[in-house]
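Shown next, in structure tokens, is the structure this report addresses.
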Amino acid sequence: MFQPADNLKNNHNDRIVMLADCESFYASVEKAAHPEYRDQPLVVAGDPTRRSGIILAACPLAKKYGITTAERLGVSLAKCPDLVVIRPRMQEYIRVSLQITGIYQSYTDLVEPYSIDEHFLDVTGSIHLFGDPYQIAKRIQDQVQQETGVRVRIGMSENKVLSKMACDRFAKRNSVGIFYLPAKELQKMLWPLPVQHMFMVGSRTCRHLQTMGIYTIGQLAQTSLTKLRSRWGVNGEVLWLIANGKNDSPVNPHTHGKPKVIGHQMTLPFDYRKLEDILVPLLELSELVCQRARMKGYMGQVVSVGCQGADFAHPSGFHRQMKLPDPTHLTDEVFEIAKKLFKEHWDGLPIRRVGVSLSQLVSDQEYQLTLFDNRETKLVLERTTDWIKEKYGNAAIMRASSLTESGQARNRAQKIGGHYK
Amino acid sequence: MKIRIAKSVLVEAVAQVSKAVSQKTTIPVLTGMKAIADQEGLLLTGSNSDITIQVRIPHVKEDQEQVFVEQTGSVVIPGKIFGEMVRKLPGEYVEWEVNERYQITIQSGSTEFQLHGFNPDEYPRLPRLSADQVFSIPADELRSLIRQTGFSVATNEARGVLTGVLWQLENGVLTCVATDSHRLSRRLIPTPNTGQLSLDNVILPGKSMSELAKTFADDEDSVEIVVADHQLLVKNEHIEFYSRLLDGTYPDTNRVIPQCGDTELITSTRELLQSVERASLISRDGRDNVIKWTMSDDTVEVTSVSQDVGSVTEEVKARVKGNALGISFNARYMIEALRSIESDEIRIQFTGTMTPFIIQPADRDDTLHLIVPIRTR
């Protein structure tokens with residue numbers, strides 16, 4: 001399935017960008033940790049004790065039974081009664097993901113984590129050390145397999161969007177899991193594909209494109225730019241550029257380094273109807289946001305609050321923000337504003353989801369002290385609770401209100417991204 | 001209404017009143033200036049949501065006829081255009097006539113303007129203030145009070161009472177305090193003729209303070225101050241200046257002002273100011289405009305470092321008593337405080353690197369500025 005070797009020759013000016021994707025990531029990590037399940041179909045499910053739990057990852061064997069991610073566990077068990085069901089261990093997946101990032105960084109300094117199981121690598125400057133793109137990809141794949149038990153599939157091309165499509169459309173579908181897509185092969189390889197196979201085209205965009213008579217990536221690439229721009233503005237131009245394989249965004253190792261916003265949100269276990277109940281998770285979220293801001297060394301000047309109504313058929317809720325006179329990372333101050341915003345904008349309908357965030361971040365290495373509020377004393381207290389939480393977990397110390405029925409802190413302390421640690 | 005008025009007199013009065021005329025408002029009549037011609041002369045009024053300024057032009061001033069009222073009456077004249085127009089009129093005198101439909105004719109030299117006026121009955125009435133809380137102070141002291149405190153108010157409207165200046169009167173001393181919670185300015189003025197009168201929590205908006213200083217900029221005599229629940233009135237013979245007061249409770253500033261310091265510094269106001277101004281060239285583009293002072297036996301070392309611009313260091317001779325100390329703060333606060341001080345020497349008292357410090361003229365204790373430092377790591 002590879003191209004002949006002369007396709008892999010790298011011209012001097014051409015970038016070589018990789019998108020490396022971990023196959024069935026959570027499931028692969030679990031299989032590596034449990035060799036006894038090596039030959040059995042295995043899934044990681046949100047809550048193994050409930051048939052309504054969601055499949056987070058399925059190993060290739062399980063996929064052969066027709067099991068797909070995001071389906072309900074009950075459905076999967078119907079397809080394959082002998083399925084091994086594992087409870088997620090998010091902390092471990094983050095650890096392995098960082099370990100894989102570390103392996104990539106031994107090949108190039110330009111590594112950009114794109115998600116927990118996908119990374120962009122710009123290996124342009126490292127090629128000469130390893131021969132050609134195929135050889136460097138093979139070595140990376142082998143090393144990750146050996147050290148973590150996870151199989152990575154690698155798509156390569158001149159830029160990020162082409163390498164992403166090289167991975168999704170080709171590397172994931174061939175036996176070696178490596179594919180190099182030279183930009184000049186774009187018309188031959190990508191243009192015949194249906195438009196929904198293009199990066200950034202979801203089901204809705206696809207429907208809209210089809211009503212315009214655009215069914216393949218090639219047709220999109222040859223549509224006039226003005227027509228797309230008048231239909232979608234800048235986004236239309238983005239689609240056109242992707243279809244034509246044009247994208248010059250750099251592989252940025254610091255994408256996750258300097259946050260613009262620090263925010264947390266949570267889906268509540270039942271409908272919250274009373275203000276006093278909603279204020280409990282709002283305080284917990286304010287505390288989480290400030291805890292993370294302090295850990296990362298930032299203060300923020302804008303506090304935002306958002307919520308979503310319980311009745312998804314009749315969407316309600318709001319998202320509002322307010323600027324503070326002085327930047328802060330103190331729970332009290334953020335909560336005060338969050339509470340004020342919530343009281344002003346909440347329409348009184350039941351709430352199922354709330355979020356708090358802090359933006360316009362500045363370093364907390366140097367800041368103006370103030371005359372009236374004793375912020376330094378509060379900060380010492382909060383740094384102490386931060387330290388306790390870091391050492392003994394977020395449930396080790398919390399506010400009394402979190403012990404009420406409305407409190408979510410204890411439950412949340414056991415999870416990462418809504419799934420068990 | 002029909003009058004004849006000396007142009008120079010009219011220009012001056014209109015300039016005063018224009019400061020209060022609303023530029024934009026939901027009440028159209030407030031974009032106008034109210035004029036009343038009566039037996040005593042001409043009365044002009046401008047008003048916005050914060051302040052009202054009223055100027056009286058008497059019939060005769062220093063034996064000189066300024067305004068001649070042929071027919072009494074009143075009108076509201078469009079403020080913005082009138083303000084610009086009178087300055088540009090060619091003649092020495094202005095003839096001003098209003099008909100019953102409030103059509104205004106302004107004639108000067110060979111120029112004649114026709115303006116559409118408003119019905120004066122639609123213009124809001126001025127507040128009537130009860131005269132029980134009244135005292136007077138020399139206008140030049142009022143100006144120095146404003147000049148030495150006004151710059152410290154908070155400019156962000158969300159800061160509430162901190163956007164105003166606190167006026168307190170107790171035991172024959174008037175105290176004005178302004179703070180934006182990063183720095184504070186306080187000025188005391190003895191008011192011997194106030195007797196038993198005492199005022200507390202009177203908060204005048206910062207913007208009103210600066211307009212007040214401009215309004216009485218040339219006055220050499222005393223002004224009378226009347227304080228009511230929601231209004232303050234400052235007046236002399238010809239001008240009345242009304243301002244609304246801010247609602248809310250001003251924080252207790254006495255408890256945050258340190259009483260003495262561990263390190264004391266005495267030096268030339270001008271030399272110190274100039275050194276801070278130089279250091280500020282490096283710091284001013286940074287978020288908090290941070291400069292650092294390091295005090296040792298007989299010098300203050302002034303430094304500022306900016307990652308983008310570069311750095312500066314200099315030494316200023318000073319008499320330093322007490323512990324050696326290094327402290328960082330916002331240079332703008334220091335510049336504004338030092339510029340407002342008229343004495344040649346200043347005394348600065350420090351209580352620590354993380355606590356406020358006090359700047360005072362070395363020869364008097366009626367003036368105090370406080371700056372809260374910047375915490376650095």
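Based solely on its DSSP helices, what 222 nm [θ] is calculated for chain A when runs of n ≥ 4 H residues each add -39,500 (n - 2.57) and the sum is averaged over all residues, nearest 500 deg cm²/dmol?
Calculated at 222 nm, the ellipticity per residue is -11000 deg cm²/dmol.
At a 1.4 Å probe, what is the % contribution of carbon and sulfur to the accessible area of chain A?
C and S atoms contribute 52 percent here.
Please report how far the C-alpha centroid of segment B:194-219 lies from that of segment A:290-315, rounded to the nearest whole angstrom.
Computed from Cα coordinates, the inter-centre distance equals 44 Å.
Which pairs, out of A:31/A:63; A:63/A:172; B:80/B:214; A:63/A:160, put more than 24 Å between their alpha-carbon atoms?
Correct reply: A:63/A:160.
³J(HN,Hα) across segment B:308-321 via Karplus (A = 6.51, B = -1.76, C = 1.60, θ = phi - 60°), whole Hz, x for Gly/Pro?
8, 9, x, 8, 8, 9, 7, 10, 10, 5, 7, 9, 10, 10
I need to check one value: relative contact order of segment A:261-420, counting alpha carbon pairs closer than 8 Å and at least 6 residues apart, in percent.
32 percent
For A:64, B:214, give the ranking by accessible area with the largest first, probe 1.4 Å.
A:64, B:214
For a test of the definition: using alpha carbon positions, the gyration tensor, and the 1.5 limit on a/c, classify chain A as rounded, prolate or oblate.
The shape class here is prolate.
Between segment A:43-60 and segment A:103-126, what's the alpha-carbon centroid distance in Å?
30 Å
Sort segment A:125-180 into rounded, prolate or oblate with this rule: let a ≥ b ≥ c be the square roots of the eigenvalues of the Cα gyration tensor; rounded if a/c is under 1.5, and if a/c is not under 1.5, prolate when a/b is larger than b/c, oblate otherwise.
oblate
How much accessible area is lost when chains B and A come together, counting both sides, with a 1.4 Å probe, in Å² rounded to the nearest 100?
The contact between A and B buries close to 1800 Å².
Given the C-alpha centroids of segment B:250-318 and segment B:132-167, what is the distance between them in whole angstrom?
A separation of 26 Å, based on Cα centres.
If you count, for every residue in A:369-378, the Cβ atoms of partner chains within 10 Å of its Cβ, what is the mean?
Mean shielding count: 5.
How large is the accessible surface per residue of segment A:26-88, computed with a 1.4 Å probe and reported in Å² as a whole number?
51 Å²
Using θ = phi - 60° and the Karplus form 6.51 cos²θ - 1.76 cosθ + 1.60, what ³J(HN,Hα) does each residue of segment A:103-113 get, whole Hz, x for Gly and Pro?
Result, rounded to whole Hz: 5, 4, 5, 7, 9, 7, 7, 8, 10, 10, x.
Using only Cα atoms and rounding to the nearest 10 degrees, what angle (0 to 90) does helix A:275-296 make with the longest principal axis of chain A?
60 degrees
I'd like the accessible area for residue A:168, computed on protein heavy atoms only with a 1.4 Å probe and all protein chains in place. Round to 10 Å², please.
Number for this one is 40 Å².
For residue B:173, what residues show an amide H to amide H distance below 5 Å, using hydrogens built from the backbone and excluding near sequence neighbours?
B:191
What does the charge add up to near residue A:106, with Lys and Arg as +1, Asp and Glu as -1, over the other residues with Cβ less than 12 Å from its Cβ?
Local charge sum for residue A:106: -1.
Given labels modelled 7 Å from the Cα in the Cβ direction, how far is it in nm from residue B:113 to residue B:296?
Here the answer is 6.6 nm between the modelled labels.
Rank A:156, A:295, A:212 by accessible area, highest first, at a 1.4 Å probe radius?
A:295, A:212, A:156
Give me the orientation-averaged projected area of the Cα convex hull of the protein assembly as shown, in nm², one decimal.
It is 48.9 nm².
Run the numbers on segment A:190-243 and let me know its relative contact order in percent, using alpha-carbon pairs under 8 Å that are six or more apart.
The normalised contact order for segment A:190-243 reaches 38 percent.
Let's see if you can work this out: charge +1 on each Lys and Arg Cβ, -1 on each Asp and Glu Cβ, no other charges. What is the dipole magnitude of segment A:324-372 about its Cα centre, in debye to the nearest 20?
The calculation lands at about 380 debye.
Looking at segment A:348-421, which GluC sites (Glu not before Pro) are DSSP coil and have at most 16 other C-beta atoms within 10 Å of their C-beta?
Sites meeting the loop and neighbour criteria: A:405.
By its C-alpha gyration tensor, with a ≥ b ≥ c as the square roots of the eigenvalues, how is segment A:261-420 shaped: rounded for a/c under 1.5, else prolate for a/b larger than b/c, else oblate?
Since a/c reaches 1.5 but b/c is at least a/b, the shape of segment A:261-420 is classed as oblate.
The values are calculated or read from the model by the stated rules, or taken from the named source; none is laboratory data. This one's a predicted model, so the numbers in the text were calculated from it and none came from an experiment. Glycine also receives a Cβ, built like all others from the backbone with ideal geometry; neighbour counts cover every protein chain displayed. With ligands, DNA and RNA removed, areas are computed over all heavy atoms of the protein, side chains included. Shrake-Rupley method; radii C 1.70, N 1.55, O 1.52, S 1.80 Å.
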